[in-house]
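The block underneath contains the structure these notes are about, expressed in structure tokens.
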Amino acid sequence: MKKVTLWLLVLAITIGMIATLSFTGCKGESTAETTAAAETTVAAETTAAAAETTAAAGEKPFAGTTINVVNLEGWAVTKPLWDHIGEFEEATGIKVVVNEIPFAEIKTKQVLEGESQTGAYDVWQTYDTAMPLMYKYVLPLDDLIARDYNGLDTWISERYSTISECSFENKWFFNPIMGGIQIGFYRKALFEDPANMEAFKAKYGYDIPTPNENGVIVFETTDQILDLAKFFTKDDMYGLTIPGKGNHGACIWYLQMFDAGFNYVDQEVQPLWPANKDKVLEIAKWDQDLIQTYKVCPEGAVSWEMPEMIEQYFAGKSAMVVSWLHDFWKDSQSEEIKANIGETGTFLFPSRGTSQGGYIGYWGWGISKDSKNSEAAWEFVKWANSDEVQTYMLQEGGGSFQPAKISLAEWGAENGLIPPATVEGGKTCVLPYPFYDVMDQIWKLTEPLHEELLSGAITPQQFYDSHVEQIDAILKESGHLK
Amino acid sequence: MKDNNKHKQKKLYSLKQKTRIAANLSLIPSLIILAATFLAPIIYAFFISFRDYNLSRGVNDFIGFGNYVKLFSDTSFFQAVGRNLIYVVITVGVNFILGFIMAFVVNIKLKGSNVLSTILIFPMILMPAAAAVLWRFMYNETFGVINHILNLFGIAGRSWLASGSTALYAVILTDIWAWTPWMFLVLLAGMKSVPNDPIEAARIDGASSISLLRYITLPLMKPIILIALTLKTIDTFKAFDYLWIMTRGGPGETSHIISSYVYWKAFSVLNFGYGSAMAIFALFILLIISMGYVFIIKRQEAK
């Protein structure tokens, strides 16, 4: 190669590398310094903004500002929010650009943005198990909440205590949008059919469970669900369909684990499974048997997430389904679906003897530390979580949810806008404590292993062994294991 | 006279040099972009492969060959490598056979072959993500058209994407459907470039169609066949979109290939150091395969 060309190549590569590294933003300061700088900036902006607002009443202090907001792709719960976004833009002059991100990417994309410090997303949206990982990339909201919600204590007292999931190091990093628990749907027409009731009693020796005074069937044992599932599995209908794929599939495991009263680790972040081996094996076998032994759940469910599972239910191919079904509550109440499968009732999974429900998980809004429009972003968060907008979301959304604010949740329940099981389950559900740095990494172990368990590729013992081995490895690597 | 010639030579050299410098300078923008978008990420990945760079734990420490030692004891990774090789061999092999048959039929120039060509390339026009979603629904156990058609023939349908024994092959079928048209187009171009004279001469001598294909068409098409196979192998080795959308490496890890496994480790578990080590190792495997093809092509050219 000619010398000149070689030197040109070296020069070009060097320029290219420098350009790339510059654009990707090498960190020049420590995280602590960044935190302090960001907080100081927000405090200064807060003071300035407050002064400006007082001085220029009636004007739009953020007119011309554009903010980028993350939203879970296709989320039925927040759809009304975007339908009404024009009102917010009109009132504030803030232009909102919505960045729809699929669930599988929502954590990764925001974390990578946080690491790169680009400030590409002003408003973050995230879920419970990702919050311990993501809080260090967003601003603490205590001062803003105290300023705009009549004090921090008032704000806390108006909300369920479980919102503490959104706080770390004694500070609030996320403004909770909603809490969710996993519930079941069942076809009332099948459960309440006199012929079915008689035949079920004759076969199993007890009556088909009926709803309590709140309109919810609370199963006492897993045998009850299984008996019903076996009873209704015939022709082309399955008794109980669960999602098996990815996070939705793993959530069925998490639900049962918390219902049975244990977790992956204890409060000291030490492994809990060896002490709960029998429970792990019992739940694992129960899940696997649904598909492999009793065939009350279709084999295809191993590759299904919630949307495919609920399609099965709405098409009349399943008598019961379990998942984050508040997302489909409105759809289940539509005339079209009722014409096809009749009324839908709700049920809660049995507690396996603990009197404790599954876990409640919150979604929340955060404001990026690197946002250049943090005050405008806060205006959006306040609006999105306002009573007015949350009312729209309850009334107009395709789905439903448990608002974090108690008065809103009670109003929603009174007006039939929240599934009865969600309201009932909220009383016994627990937070998935403890929250620790590698929480998401450990919880994610279950995703592929639960799929393999359901497909029959591994035994419950192998499911247990793989988890224990990998949990130990992660805790050792992260310095938690004593 | 001699001085005149020397002066002319000097002018020529100067003109040649100027042209060369101008040509080299015009390469700079392309080289910068190439360096920024291609070389820089690879070099960066190489450097972080020697680090414990894990965002879940908030660490970024130098660990030397730690990630590579971990890699060589990761049976899941090597299972993904094995599946990747199966994926490539089957996909490229079937792509070639079907593509060649399609090109042969169209090249005969029967009535309607132009329309046939347009129809045949349709799968290639569809965006991979859209095609993957389409096939995912087609494979659905309850609502999918594949099971519906099988049932019409009295064959029991199955959960194609939910079984470890069929998931990977279901994705392979989708990839074959999507990219056989590309092979068809390349091979058709190759067939059309084969000179007519030797074929006519062979026909006059009484050669059959099979003999023509075997002794004239195929040998003359060898260079283009080798290039098509090389490009398709490299491209298939990096397959990701169909597999990720259809199975995400599942059920469990039973359909993971290198790209999906690396993506899972790097982006789902946020272990960038380990993910980079796997990516560099995969690059190394791909380099060896590519060099093999280049060696065969060069040997072919030498002949």
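Just so it is clear, none of the values below were taken in a lab; they were calculated from the coordinates. These numbers were taken from a predicted model, which means no experiment stands behind them. Note that each Cβ is placed from the backbone with ideal geometry, even for glycine, and that neighbours are counted across all protein chains shown.
Brief remarks follow.
- Karplus-derived HN-Hα couplings along the stretch A:78-87 (A = 6.51, B = -1.76, C = 1.60, θ = phi - 60°), whole Hz, x at Gly and Pro: 8, 3, x, 4, 6, 5, 9, 4, x, 5
- Amide H to amide H, with H built 1.01 Å from N, residue A:65 comes under 5 Å of A:95, counting only residues 5 or more places away or on other chains.
- For the protein assembly as shown, the Cα gyration tensor yields ellipsoid semi-axes of 52, 39, 25 Å (square root of five times each eigenvalue, largest first, whole Å).
- Of A:216, A:321, the sequence from fewest to most neighbouring Cβ atoms within 10 angstrom is A:216, A:321.
- Each residue of the stretch A:241-254 was assigned a 3J(HN,Hα) from its phi angle through the Karplus expression (A = 6.51, B = -1.76, C = 1.60, θ = phi - 60°), giving 10, 10, x, x, 8, x, 5, 4, x, 5, 4, 4, 5, 4 Hz with x at Gly and Pro.
- For the stretch B:220-264 versus the stretch A:382-447, the gap between their alpha-carbon centres in whole angstrom: 41 Å
- Around the amide H of residue A:265, modelled in the peptide plane, lie the amide H atoms of A:272, all under 5 Å away and 5 or more residues distant in sequence or on another chain.
- Global form of the stretch B:129-262, assessed from the alpha-carbon gyration tensor, a/c cut-off 1.5: prolate
- Taking B:105, A:381, A:265, A:97 and counting other C-beta atoms within 10 Å, the order from fewest to most: A:97, B:105, A:265, A:381
- In the distance distribution for chain B, Cα-Cα pairs more than 37 Å apart total 37 percent.
- Solvent-free Debye scattering, log10 I(q)/I(0), computed from the Cα coordinates of the stretch A:357-481 at q = 0.23 Å⁻¹: -1.22
- Cα-based helix-to-principal-axis angle, A:103-116 vs chain A, degrees rounded to 10: 20 degrees
- Residue-averaged 222 nm ellipticity for chain B, from DSSP H runs of 4+ at -39500 (n - 2.57), nearest 500: -23000 deg cm²/dmol
- Peptide A:447-453 has a mean shielding of 6, counted as Cβ atoms of other protein chains within 10 Å of each residue's Cβ.
- Measuring nothing but how far apart in sequence close Cα pairs (under 8 Å, 6+ apart) lie, relative to its length, chain A scores a relative contact order of 24 percent.
- Per-residue average of Cβ from other chains inside 10 Å of B:21-27: 2
- The overall shape of the stretch B:205-303 is oblate: from the C-alpha gyration tensor, with semi-axes ordered a ≥ b ≥ c, the ratio a/c is 1.5 or greater and a/b is no larger than b/c.
- Length released on extending from residue B:118 to residue B:196, taking residue separation times 0.36 nm less the Cα-Cα span: 25.6 nm
- The trypsin sites (Lys or Arg not before Pro) of the stretch B:207-251 include none that meets both conditions, a loop assignment by DSSP and at most 10 other Cβ atoms within 10 Å of the site Cβ.
- DSSP-loop chymotrypsin sites (Phe, Trp or Tyr not before Pro) across the stretch A:155-223, with at most 11 other Cβ within 10 angstrom: A:206
- The stretch A:380-419, relative contact order in percent, only Cα pairs under 8 angstrom and at least six apart counted: 34 percent
- Expressed to the nearest 5 percent, the antiparallel share of DSSP beta bridges inside the protein assembly as shown is 65 percent.
- Extended-chain gain in nm, criterion 0.36 nm per residue less alpha-carbon gap, residue B:204 and residue B:153: 13.6 nm
- The stretch A:150-209 and the stretch A:240-319: distance between their alpha carbon centers, rounded to Å: 17 Å
- Two tests apply to each whole DSSP H helix in chain B, Cα reach of 24 Å or more along its axis and mean Kyte-Doolittle hydropathy of at least 1.0, and the ones passing both are B:75-107, B:167-192, B:218-237, B:272-302.
- Local electrostatic count at residue A:134 - Lys and Arg +1, Asp and Glu -1, tallied over other residues with Cβ under 15 Å: -3
- Per residue of peptide B:156-167, the mean number of Cβ atoms on other chains within 10 Å of the residue Cβ is 4.
- Amide H contacts under 5 Å for residue A:73: A:101, A:103, restricted to partners 5 or more places along the chain or on a different chain, H placed in the peptide plane at 1.01 Å from N.
- ³J(HN,Hα) computed for each position of the stretch A:153-159 - Karplus, 6.51 cos²θ - 1.76 cosθ + 1.60, integer Hz, glycine/proline x: 4, 4, 4, 5, 5, 7, 10
- Cβ-based exposure ranking for B:73, A:351, A:323, A:334, in which fewest neighbours within 10 Å come first: B:73, A:334, A:351, A:323
- Centre separation in Å (Cα based) which lies between the stretch A:66-109 and the stretch B:13-58: 37 Å
- Averaging 1/r over each pair of different alpha-carbon atoms in the stretch B:102-156 and inverting the result gives 13.6 Å, the Kirkwood hydrodynamic radius.
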